[in-house]
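A.B. asks: After the structure tokens below, expect a handful of questions from me.
The values are calculated or read from the model by the stated rules, or taken from the named source; none is laboratory data. Note that the structure is predicted; figures quoted are calculated from it, not measured. Virtual Cβ from ideal backbone geometry, glycine too; neighbours counted across all protein chains shown.
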Amino acid sequence: MSTSPQRWSIATVYPDMTRFLASVATMKTNRMAMSTVAGLAALTLGLAGCGGSDSGTDETQNSPAASESAQASPAGGDEQSEDTDNVKDDKNESSQDASGEGLTADADLSKESPSISAEDAIKTAEEEVGNGIVHGIELDWDDKEEAWQYDVSILDGATDHDVEIDADSGQIVEHEQDSTDDKEEPIDLNDPMTVDDALKLAQEKASGKLVGWKLEYDDSMLEYQFDFSDGGEETEITVDTDTRRVTVDDA
């Protein structure tokens, strides 16, 4: 009797091995499934967080406080713009004042006065020259400089000084000096007669706008001279400060 060779297998030698391997495969499959679930859960939480952030932003933008703030912002911007414009205007005004712009070329000196008074102009000239006798002052329009200017004359020894001063800024425009043998007497803007008192007398004899005036000695007589312009016609009026005599000289 012949017998066939017996075939061996793991299942024959180790009956429980098959069940063990099946169990191991099942465990691996479960771990992979759990990892996948964990990954999906993490992704879901992340998306939920982003959605919450967007929702919070939308809620903030749609809130009443945010709406009021958004409506108030343009008004605040307008106020800032107005403040900036006001500052610019103030600066512009300051620049105009600093530049000495005041009376126009066609100003009437009987109705308008420059920023610098005649007394201030004399004081400026005296500070420039030093010691001396103030023997004349004149105010008129300078075509070259295109400005109203005072011309103050001061005699210091044998030197006669001519100091030109801008009537609106008070700055010295020019200082000329000449040698002289002349003798001069000091003028006084208040004694024996003020500019305003002399002007009233002059206006009784002339009409039109006052375009210039001066005070100086002429032949030992202290006189005011006023220049009027009326429709292109020039009239010069002289007022003697001692006698109050008024003289008309048609130019």
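A.B. asks: Looking only at the range 217-251, how many residues end up being of a type in the set (Gly, Ala, Ser) and buried (at least 17 other Cβ atoms within 10 Å of the Cβ)? Steps first, answer last, please.
C.D. replies: Start the filter on the range 217-251 by keeping residues that are of a type in the set (Gly, Ala, Ser), which leaves 220, 229, 231-232, 251.
Pick out the ones that are also buried (at least 17 other Cβ atoms within 10 Å of the Cβ) and you get 229.
So the answer is 1.
A.B. asks: Moving on to the next point. With the checklist (1) in a strand (DSSP E or B); (2) over 15 Å from Ile137 (Cα atoms) in hand, flag the one item Thr243 doesn't pass.
C.D. replies: (1)
A.B. asks: What are the residues in the range 102-156 that are within 21 Å of Lys209 (Cβ to Cβ) and among the basic types (Lys, Arg), if any?
C.D. replies: The answer is Lys111, and nothing else.
A.B. asks: Another one. Would you point out the residue of the range 193-236, among those that are of a type in the set (A, V, I, L, M, F, W, C) and assigned to a strand (DSSP E or B), that is farthest from Asp142 (Cα to Cα)? Working first, answer last.
C.D. replies: Filtering the range 193-236 down to residues of a type in the set (A, V, I, L, M, F, W, C) leaves 193, 195, 198-199, 201-202, 206, 210-211, 213, 215, 221-222, 226, 228.
Add one more test, that the residue is assigned to a strand (DSSP E or B), and what stays is 210-211, 213, 215, 221-222, 226, 228.
On the way: Leu210: 15, Val211: 11, Trp213: 13, Leu215: 18, Met221: 27, Leu222: 24, Phe226: 16, Phe228: 16 Å.
Filtering the range 193-236 for residues that are of a type in the set (A, V, I, L, M, F, W, C) and assigned to a strand (DSSP E or B), the one farthest from Asp142 (Cα to Cα) comes out as Met221.
A.B. asks: Condition check: small (Gly, Ala, Ser), surrounded by fewer than 20 Cβ atoms within 10 Å (Cβ to Cβ) and modelled with pLDDT of 95 or more. Does Ser207 satisfy that? Let's see the steps before the verdict.
C.D. replies: Details: small (Gly, Ala, Ser): yes; surrounded by fewer than 20 Cβ atoms within 10 Å (Cβ to Cβ): yes; modelled with pLDDT of 95 or more: no.
It is false that Ser207 is small (Gly, Ala, Ser), surrounded by fewer than 20 Cβ atoms within 10 Å (Cβ to Cβ) and modelled with pLDDT of 95 or more.
A.B. asks: To continue, here is another question. Regarding the range 197-207, can at least one residue be identified that is in contact with a Leu (Cβ under 7 Å, 6 or more places away or on another chain), closer than 21 Å to Asp227 by Cα and without any contact (Cβ under 8 Å) to a residue 60 or more places away in the chain?
C.D. replies: No, the conditions are met nowhere in the range 197-207.
A.B. asks: Which of (1) out of contact with any helix residue (DSSP H, G or I) (no Cβ under 8 Å at 6 or more places or on another chain); (2) surrounded by 14 or more Cβ atoms within 10 Å (Cβ to Cβ); (3) in a loop (DSSP other than H, G, I, E, B) is the odd one out, the single condition Asn190 does not satisfy?
C.D. replies: That leaves (2) as the condition not met.
A.B. asks: Does Lys214 fit the bill of being of a type in the set (Lys, Arg), modelled with pLDDT of 95 or more, under 42 Å from the mean Cα position of the chain (by Cα) and within 18 Å of Ser153 (Cα to Cα)?
C.D. replies: On the way: of a type in the set (Lys, Arg): yes; modelled with pLDDT of 95 or more: yes; under 42 Å from the mean Cα position of the chain (by Cα): yes; within 18 Å of Ser153 (Cα to Cα): yes.
Spelling it out, Lys214 is indeed of a type in the set (Lys, Arg), modelled with pLDDT of 95 or more, under 42 Å from the mean Cα position of the chain (by Cα) and within 18 Å of Ser153 (Cα to Cα).
A.B. asks: Mind checking which pairs have a first residue in the range 231-245 that is more than 13 Å from Gln203 (Cα to Cα) and a second that is of a type outside the set (A, V, I, L, M) and at pLDDT 95 or above, Cβ under 7 Å, 6 or more apart or different chains?
C.D. replies: Qualifying pairs under 7 Å: Glu234/Asp227; Asp240/Glu223; Thr241/Glu223; Thr241/Tyr224.
A.B. asks: Next question, about the same structure. Can you go through Lys214, Lys200 and tell me which one is exposed (fewer than 15 other Cβ atoms within 10 Å of the Cβ) and within 22 Å of Pro114 (Cβ to Cβ)? Quick ask: steps written out before the conclusion?
C.D. replies: Values: Lys214 fails: exposed (fewer than 15 other Cβ atoms within 10 Å of the Cβ).
Answer to the check: Lys200.
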